[in-house]
Amino acid sequence: MSEQQPIFNVDRIYLKDLSLEIPNAPQVYAERESPQIDIKLHNEARALDGGVFEVVLTATVTAKLKDKTAFLVEVAQAGVFQIRNFPQQELDAVLGVTCGNILFPYLRETISNVVTRGGFPPFIMNHLSFEQLYQQRLQEQRQGGAPPAAS
């Protein structure tokens, strides 16, 4: 009996959701100080059918000047992936690490473009280690007693 080879294909990459808020425009453009930046990132995977998964990488970037929001950007970058014949633990890693690494450059470019189109200087997110984030999540799940799952 021969084992089936693992299959990994990117079927589609798309922008699932995009939001830009500039609640204090136009006064915020007169500010000369650098804003405080807060970034929240979330990676979610769901099975569609027959080894096909949708992975959504969502980032929320909030820039504040003192107590006022300069801008808030939320981007959900998604992809549809064929992932077949992987053991469960490897599947979790592929969904959490490989798919995140594929989607991140698109997410980063979209955020940069939207911030610039909003009238602000370019904003480039630093590269993230999805491997490190995945390992942290596994460690947290082990300590909490929860079984590993794709985030």
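The values are calculated or read from the model by the stated rules, or taken from the named source; none is laboratory data. From a predicted model like this one, the values you see are computed outputs, not experimental measurements. As a convention, Cβ positions derive from the backbone with ideal geometry for all residues, glycine included, and neighbour counts pool all protein chains shown. Remember, those area values only see protein heavy atoms, side chains included, never the ligands or the DNA or RNA. Shrake-Rupley method; radii C 1.70, N 1.55, O 1.52, S 1.80 Å.
A few comments on the model shown:
- For Val75, the requirement of being assigned to a strand (DSSP E or B), under 25 Å from Glu131 (Cα atoms) and open to solvent by less than 10 Å² (accessible area, probe 1.4 Å) is met.
- In the range 20-72, the residue that is nearest to the chain's Cα centre (by Cα) out of those that are within 30 Å of Gln88 (Cα to Cα) and loosely packed, with under 13 Cβ neighbours inside 10 Å is His42.
To keep it simple, each residue is scored yes or no on (1) open to solvent by less than 50 Å² (accessible area, probe 1.4 Å); (2) within 19 Å of Phe8 (Cα to Cα); (3) free of Cβ contacts under 8 Å to residues at least 24 places away in the same chain; (4) acidic (Asp, Glu).
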| residue | (1), (2), (3), (4) |
| --- | --- |
| Ile83 | yes, yes, no, no |
| Asp92 | yes, yes, no, yes |
| Glu109 | no, no, yes, yes |
| Asn113 | no, no, yes, no |
| Phe123 | yes, no, no, no |
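- His42 meets all of the listed conditions (1) at pLDDT below 95; (2) assigned to a loop (DSSP other than H, G, I, E, B) but one, namely (2).
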